[in-house]
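Student: Input: one structure, supplied below.
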Amino acid sequence: MKTTGDTLECGHSLAELSAYLDTGQIDDPAHLDSCPECQAGLASLRHLSELGSDLLRSDVAAAGSGNDDWMQSILDNLRLELRPGRSIPLQSEDAHDTLWETEGSISALIRSVADALPGTAAGKCRLHGDVTTPGAGITVEVDIAVVYGHAMEERAAVLRQELAETLAFHTELAIQTINITVTDVLEPPTPSKEEQP
C-alpha cells in the first residue's frame, strides 16, 4: 500500500508505517511498541489493507466501489486523526498530578470500535464541543461504510451502543449525542473458486 509522506508528531509517517507492514523493516522498531500514534496508525492501516484486499478480490474497484478515491479519503482522515489534537483533562485523586488524554487517542478508540464490527469500515471520526472543559456536552460524529448484506440501520444502532459503552468506560467526556452516518455501501467479496460449490 502506498501513502503520501505526511509526518506524525512522533516523526514517522503513514508511508513509513505502511512500508513496515509490507517489509517488517523500520529504523527504530522499539519506538513502535511505545508510541500510541504509531500503534493507532498500524492498526488502522492493517484493517484498511484487509478490507482493501477483500474488495480487490471481488473486483469492486472496477465496479466503482472501494476505488482509489475511497481509499484516499480513509487515508486523509487517518492523517488528521493520528495527530494528538486537543488535550482532554482527566480527574486525579492527587492535586499535584495533571492528567489528560488526547483527542487523537479518542478518535483512534472510536475507529477501533467501528472497525471491529463485521462488515463495517470507519471513515471520518470527529468530536464536536469543548473537550477541554470538563462536563461540557460533546457530540460524536462517525462516518462508516457498510458491506452489502449487512443491515445499515442495525450496524449503526450496534455501533452507537458500543461507542456509548466504550467512551463511558475509557473517557470522562460528557457524550450527549452519537451520530452515525452511512456514507458508502461496499460490494461483498466474491467467493474464490475454491469456496464455490
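Student: Being in a loop (DSSP other than H, G, I, E, B), closer than 30 Å to Gly135 by Cα and modelled with pLDDT of 55 or more: is that true of Glu37 here?
Tutor: Spelling it out, it is not the case that Glu37 is in a loop (DSSP other than H, G, I, E, B), closer than 30 Å to Gly135 by Cα and modelled with pLDDT of 55 or more.
Student: Go through region 152-176 and give me each residue that's within 14 Å of Cys125 (Cβ to Cβ) and polar (S, T, N, Q).
Tutor: Of everything in region 152-176, those that are within 14 Å of Cys125 (Cβ to Cβ) and polar (S, T, N, Q) turn out to be Thr166, Thr171.
Student: Right, another one. Within region 145-164, restricting attention to residues that are over 15 Å from the mean Cα position of the chain (by Cα) and among the small types (Gly, Ala, Ser), which residue is surrounded by the most Cβ atoms within 10 Å (Cβ to Cβ)?
Tutor: Filtering first and then ranking leaves Ala156.
Student: Only residues that are touching a residue at least 24 places away in the same chain (Cβ under 8 Å) and either within 18 Å of Cys125 (Cβ to Cβ) or not in a helix (DSSP H, G or I) (or both): list them for region 7-34, please.
Tutor: Those that are touching a residue at least 24 places away in the same chain (Cβ under 8 Å) and either within 18 Å of Cys125 (Cβ to Cβ) or not in a helix (DSSP H, G or I) (or both): Leu8, Glu9, Cys10, His12, Leu14.
Student: Please enumerate the residues belonging to region 20-42 that are in contact with a Lys or Arg (Cβ under 9 Å, 6 or more places away or on another chain) and over 18 Å from Ile106 (Cβ atoms).
Tutor: Hit for region 20-42 is Leu21, nothing else.
Student: For region 110-133, which residues satisfy the criterion of being assigned to a helix (DSSP H, G or I) and closer than 22 Å to Ser13 by Cβ?
Tutor: Matches in region 110-133: Arg111, Ser112, Asp115.
Student: Sort out which residues of region 130-165 are among the small types (Gly, Ala, Ser) and under 22 Å from Ala40 (Cβ atoms), and write them in order of number.
Tutor: Ala145, Ala164
Student: Taking region 113-125 as the search range and keeping residues that are over 16 Å from Val185 (Cβ atoms) and at pLDDT below 90, which one is surrounded by the fewest Cβ atoms within 10 Å (Cβ to Cβ)?
Tutor: Among those residues, the one meeting the criterion is Ala116.
Listed here are the residues, each with its yes/no results for (1) surrounded by 15 or more Cβ atoms within 10 Å (Cβ to Cβ); (2) of a type in the set (Gly, Ala, Ser); (3) modelled with pLDDT of 80 or more.
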{"site": "Tyr20", "(1), (2), (3)": "yes, no, no"}
{"site": "Thr23", "(1), (2), (3)": "no, no, no"}
{"site": "Leu42", "(1), (2), (3)": "yes, no, yes"}
{"site": "Leu45", "(1), (2), (3)": "yes, no, no"}
{"site": "Gly85", "(1), (2), (3)": "yes, yes, no"}
{"site": "Gln91", "(1), (2), (3)": "no, no, yes"}
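Student: A follow-up question, please. Quick one: count up the residues across region 135-149 that are in contact with a strand residue (DSSP E or B) (Cβ under 7 Å, 6 or more places away or on another chain), over 13 Å from Thr181 (Cα atoms) and at pLDDT below 90.
Tutor: Residues in region 135-149 being in contact with a strand residue (DSSP E or B) (Cβ under 7 Å, 6 or more places away or on another chain), over 13 Å from Thr181 (Cα atoms) and at pLDDT below 90: 2 in total.
Student: Another question, then. Of the numbered conditions (1) more than 24 Å from Glu9 (Cα to Cα); (2) of a type in the set (Asp, Glu); (3) touching a residue at least 40 places away in the same chain (Cβ under 8 Å), Glu93 fails exactly one; give the number of that condition.
Tutor: Condition (3) is where Glu93 drops out.
Student: Okay, moving on. Go through region 135-168 residue by residue and tally those that are closer than 11 Å to Val113 by Cβ, part of a helix (DSSP H, G or I) and not basic (Lys, Arg).
Tutor: 9
The values are calculated or read from the model by the stated rules, or taken from the named source; none is laboratory data. Fair warning: this is a prediction, and the values are worked out from it, not measured in the lab. Neighbour counts are summed over all protein chains in view; Cβ atoms, including those assigned to glycine, are modelled from backbone coordinates with ideal geometry.
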